[in-house]
Every structure is written in structure tokens, then in C-alpha cells.
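Undergrad: There's a structure below that I have some questions on.
The values are calculated or read from the model by the stated rules, or taken from the named source; none is laboratory data. In this text, all values refer to a predicted model and were calculated from it rather than measured experimentally. Methodologically, a virtual Cβ is constructed for each residue, glycine included, from the backbone with ideal geometry; neighbour enumeration extends over all protein chains shown. Keep in mind that these areas ignore ligands, DNA and RNA; they rest on the heavy atoms of the full protein, side chains included. Shrake-Rupley method; radii C 1.70, N 1.55, O 1.52, S 1.80 Å.
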Amino acid sequence: MTIDLAAFAKEKGVKYFMISFTDLFGGQRAKLVPAQAIADMQEEGAGFAGFATWLDMTPAHPDMLAVPDPSSVIQLPWKPDVAWVAGNCVMEGEDVAQAPRNVLRRLISEAADEGLHVKTGIEAEFFLLSPDGEQISDPFDTAEKPCYDQQAVMRRYDVVREICDYMLELGWGPYQNDHEDANGQFEMNWEFDDALRTADKHSFFKFMTKSVAEKHGLRATFMPKPIEGLTGNGCHAHISVWDAPGADAKINVFAGEGGGPTGELGLAEQGKHFLGGIMKHASALAAITNPTVNSYKRINAPRTMSGATWAPNTVTWTGNNRTHMVRVPGPGRFELRLPDGATNPYLLQAVIIAAGLSGIRSKADPGKRYDIDMYAEGHKVRGAPKLPLNMLDALREYDKDKELKAMMGAEFSSAFLKMKHQEWNSFVSHFSRWEKDNTLDI
């Protein structure tokens with residue numbers, strides 16, 4: 001049953017709604033709508049000029065309307081007179097095909113037509129920095145191996161507790177919070193869910209974490225590699241496929257016994273082929289999972305201060321081993337360790353489904369399983385593709401992958417490549433300190 005947002009506002013004491021959408025670069029855009037006007041907005045949507053955001057539009061385009069999806073509505077726990085609601089972008093009565101949430105919705109529907117319902121959980125890592133973003137906020141967080149440091153996590157207890165309390169209040173089922181492998185870095189986990197719900201929660205989690213950090217005089221960042229020499233921000237995704245969405249799900253179709261290296265780990269044939277699709281499209285996938293210039297300072301990083309980057313650089317998969325791109329930690333699911341904190345919450349889920357569907361349809365084989373320590377013995381692996389070295393290489397790989405581009409949608413892929421190439425050109429036209437330090441006297 002569709003939620004009536006006006007009735008929701010009256011019942012919950014909500015005075016304003018944030019009608020929000022996410023653009024191609026992962027920027028969250030919103031309009032603040034008074035509750036008295038929400039009934040009309042629920043029908044017609046809030047108007048935006050798409051050109052003013054990171055979408056491939058011009059000032060001549062007509063209004064883009066973000067039509068709220070009432071099933072996504074979340075009352076802000078830290079500001080309960082405001083509610084956030086995800087919007088679906090529409091222009092002249094048609095879905096905007098390049099809008100990330102629309103890309104995901106279309107792929108979810110396509111998978112459902114084949115009886116496949118993807119459920120995911122994500123591990124969103126972030127740093128707490130000083131307000132100017134220049135240094136770690138906790139001057140005492142200096143351990144060489146800071147992961148799980150109980151003193152450090154308790155010094156940021158007020159921030160972590162407040163965010164976790166809110167997730168408990170929202171019914172997300174948070175189950176652990178920890179200090180991560182870098183100084184100043186944290187991770188908070190909540191229960192897995194249907195792909196669209198996970199994407200909405202991921203989007204809201206970033207907004208909530210930044211808001212709570214600001215409230216405490218700090219700055220939260222999901223930037224892939226904000227501090228040189230330290231472990232970067234990953235966004236690992238745990239993936240399974242079920243027979244039905246939501247609470248109706250009864251059978252994990254990935255789970256089962258079978259032959260070969262995947263069957264030994266408890267992945268059924270469909271799980272094997274879904275994984276095969278991820279492996280098949282991995283180099284192109286990186287354009288979405290690792291979408292910024294800075295992303296490639298994480299996945300191609302030298303050894304960090306803690307001793308490991310916890311990020312892949314080669315297209316390999318394994319069992320319960322965290323040094324590979326994909327880990328199968330137990331029956332019925334696998335973990336994609338490629339994505340970083342800059343990934344667009346909606347495009348991340350969309351590209352996972354697109355690659356997985358491709359794999360299932362073509363009965364793709366994931367290839368050889370490697371159980372070695374890739375950080376220590378990766379040089380022994382022959383023939384496995386290397387992940388892109390930079391954003392331009394990733395964009396070229398995506399552009400070459402005709403199947404994945406088609407799965408994600410021609411209009412989306414064209415807009416994404418155009419905008420990201422513009423971003424790359426902006427980066428390479430920037431003059432850096434390194435250039436002067438290294439070439440001034442040549």
C-alpha cells in the first residue's frame with residue numbers, strides 16, 4: 001500500500017520533506033518542501049534544472065521532476081520535523097534514463113522478470129577529519145596497527161553511538177561498529193536488504209554520517225584515499241540472490257552444493273555464473289565502483305602503514321581470503337571488495353545486477369580460484385587481468401564493454417562517459433606541485 005506523505009507528516013509531526021535525488025557523480029540533491037505542499041509534490045514531483053547538477057543536460061532542457069517514492073521515506077532522527085524521501089527523476093512524463101536510481105529500478109525489474117531478486121549489504125568505511133579536511137580529527141589516533149583499537153573507537157564514541165542509535169531507531173538492524181585499519185577510519189554495518197532499499201539506505205547513511213559529524217564539529221569523508229600512506233575507504237558489497245523480494249524471500253538461489261571450485265564453497269550454479277559475470281566485466285565495472293581520480297590511489301596503492309591496503313589490484317577470486325577482488329566467505333553469497341567510498345549508491349547496485357545477469361545469461365565461468373595471499377604471492381598469478389591503473393583506463397574499459405554498456409542503458413552510458421571524460425580532462429589540465437618539484441630544472 002502506498003504511503004500518503006501528507007498523512008505521514010500529520011502522524012509524525014513532520015514539517016518539511018527533503019525530496020532527494022542522486023546525480024551521475026553521486027552528488028545528493030534536494031529541495032525542502034513544506035508538509036502543506038507535499039500532497040501535490042507526491043503526484044507531480046519537485047522541479048529541478050538538470051543542467052545545474054552533474055547530469056548530461058543543457059539549460060534548454062525542460063524541468064526535471066523528482067517524484068518522491070513514498071516507500072523510501074525516512075524521518076530524520078536528529079531533526080524529526082524533517083523527512084527525507086528519494087525521488088525518481090522524470091522529464092515530460094518519461095523516466096530520465098540517465099538518472100542513477102532509474103537505472104537501478106530498471107535492472108531490478110529486468111532481474112525480477114527472470115525470477116531473480118538481488119539482496120545486498122554494504123560496508124561503508126569513512127574517516128573522521130578536522131573541519132578543514134586536512135588531518136585526522138583525533139590527535140591521539142596514531143597506532144601503527146589501529147584496526148579495532150578500543151581506545152580510539154571510544155574517543156569517538158559520541159559520534160559512533162549517535163549514528164548507531166539512529167540506525168537502531170530506523171530498524172536497519174545495525175550489528176557492529178569498529179575502528180578500521182587506518183588512523184581516523186571507522187566502519188558501521190547494518191543488515192542486508194533488497195538492492196533498492198540498500199541503495200536508499202546507503203545514500204541516507206552518507207548524508208546522516210556527514211550531518212552527525214558536522215554536529216560534533218568534525219568532518220566525515222567517504223573519499224577513497226583521503227590520507228596518503230593509510231588504508232583507503234572501501235565499500236565492500238555482499239551479494240546474494242533470492243526467489244522473492246523483501247520478507248517473501250524464502251530460498252537463497254545462490255546457495256547449494258555443486259561441483260568445481262565454486263561448489264566446494266557452497267555456491268550453486270546460478271551463483272557461479274553470477275560471479276562469472278562479475279569477473280568477466282571487472283575491468284569495466286571499475287568505472288562505476290571506483291569512479292574518481294582518487295579511487296586509483298586506493299586499488300593500486302603501495303603497502304600502507306598498517307602493512308596491507310585491503311584493496312585488490314588484480315581480477316581474481318577466492319574463498320575466505322581478503323586479498324582478492326572477490327571473496328566467498330561462506331555458502332550462498334560472495335563479497336565484492338572492489339568498490340570504494342566514492343561509488344554512487346545506486347549505480348553500484350545497478351552494475352552488480354547488470355554484470356551478474358550477463359553472467360547468468362551467458363553461463364559465464366569465473367575462472368580459476370586462487371587461495372594464495374595476493375599481497376605476498378600475487379606475482380605468481382599468470383594471466384589474470386590487472387585492474388585499471390587510473391580513471392581514464394577504467395572509462396576506456398567501460399566504453400569497450402559493449403554488453404555492460406547496453407545492460408546499464410545506452411542513454412546512461414553515453415551521459416556517464418561524457419561527463420566523466422570531462423572530469424578527467426579537468427584533472428589533467430590542473431598544474432600540480434609535483435610537476436614543479438620534478439621538472440622545473442629539467
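Undergrad: Please give me the summed charge of the neighbours of residue 256: other residues whose Cβ is under 14 Å from its Cβ, Lys and Arg +1, Asp and Glu -1.
TA: -2
Undergrad: Count the net charge of all other residues whose Cβ sits under 10 Å from the Cβ of residue 4, scoring Lys and Arg as +1 and Asp and Glu as -1.
TA: Neighbourhood net charge equals 0.
Undergrad: Can you send over the carbon and sulfur percentage of the accessible area for the chain, probe radius 1.4 Å, protein chains only?
TA: That fraction is 52 percent.
Undergrad: Straight-line reach from residue 79: which lysines fall under 18 Å, measuring Cα to Cα and dropping same-chain residues less than 8 apart?
TA: Within the straight-line limit of under 18 Å, residue 79 reaches these lysines: 10, 12, 15, 31, 201, 206, 210, 215.
Undergrad: In debye, nearest 20: dipole of the range 91-189 around its Cα centre with unit charges on the Cβ of K, R (+) and D, E (-)?
TA: The dipole of the range 91-189 has a size of about 220 debye.
Undergrad: Using helices alone, what [θ] at 222 nm do you get for the chain, with -39,500 (n - 2.57) per DSSP H run of 4 or more residues, divided over all residues and rounded to the nearest 500?
TA: That calculation yields -11000 deg cm²/dmol at 222 nm.
Undergrad: Identify all lysines with a Cα-Cα distance to residue 436 below 29 Å; exclude those on the same chain that are fewer than 8 residues away in sequence.
TA: Residue 436 reaches 225, 297, 420.
Undergrad: Probe radius 1.4 Å, ligands and nucleic acids left out: which of 375, 346 has the largest accessible area, and how do the rest follow?
TA: Accessible-area ranking of 375, 346, largest first: 375, 346.
Undergrad: Along the positive direction of the dipole of the chain (beta-carbon charges: Lys, Arg +1; Asp, Glu -1; about the Cα centre), which of 6, 127, 318 reaches farthest?
TA: With unit charges placed on the Cβ atoms, the residue in question is 318.
Undergrad: What's the extension gain from residue 32 to residue 113 if we count 0.36 nm per residue and subtract their Cα-Cα distance?
TA: 25.6 nm
Undergrad: Looking at 232, 253, 263, which one has the Cα that reaches farthest to the positive end of the dipole of the chain (charges on Cβ: Lys, Arg +1; Asp, Glu -1)?
TA: My answer, from the dipole projection, is 263.
Undergrad: For residue 340, which sequence-distant residues (separation of 5 or more, or a different chain) have an amide H within less than 5 Å of its own amide H, given hydrogens modelled in the peptide plane?
TA: The list, which skips near neighbours in sequence, is 235.
Undergrad: Rounded to the nearest 20 debye, what is the charge dipole size of the chain about its Cα centre when +1 sits on each Lys and Arg Cβ and -1 on each Asp and Glu Cβ?
TA: 820 debye
Undergrad: Roughly how many whole Å is it from the C-alpha centroid of the range 81-98 to that of the range 375-427?
TA: 28 Å
Undergrad: Here's a follow-up. Using a 7 Å offset from Cα along Cα-Cβ at residue 11, what residues in the range 67-99 end up with backbone N under 18 Å from the label point?
TA: Those under the cut-off are 69-77, 80-86.
Undergrad: Can I ask one more? For the chain, which DSSP H helices look membrane-span-like by this rule: Cα extent along the axis of 15 Å or more and mean Kyte-Doolittle of at least 0.5?
TA: Membrane-span-like by this rule: 345-362.
Undergrad: I'd like to know which of 398, 434, 383 lies farthest towards the positive end of the charge dipole of the range 327-442, counting +1 on Cβ of Lys and Arg and -1 on Cβ of Asp and Glu.
TA: Comparing the listed Cα positions along the dipole, 383 ranks first.
Undergrad: In whole Å, how far is the Cα centre of the range 136-200 from that of the range 44-59?
TA: 34 Å
Undergrad: Sticking with this structure for a sec: Could you work out the local net charge near residue 45, counting Lys and Arg as +1, Asp and Glu as -1, over the other residues with Cβ closer than 11 Å to its Cβ?
TA: Summing Lys/Arg as +1 and Asp/Glu as -1 gives -4.
Undergrad: Under a 1.4 angstrom probe, counting protein chains only, how are 243, 181 ranked by accessible area, largest first?
TA: Heavy-atom accessible area, descending, gives 243, 181.
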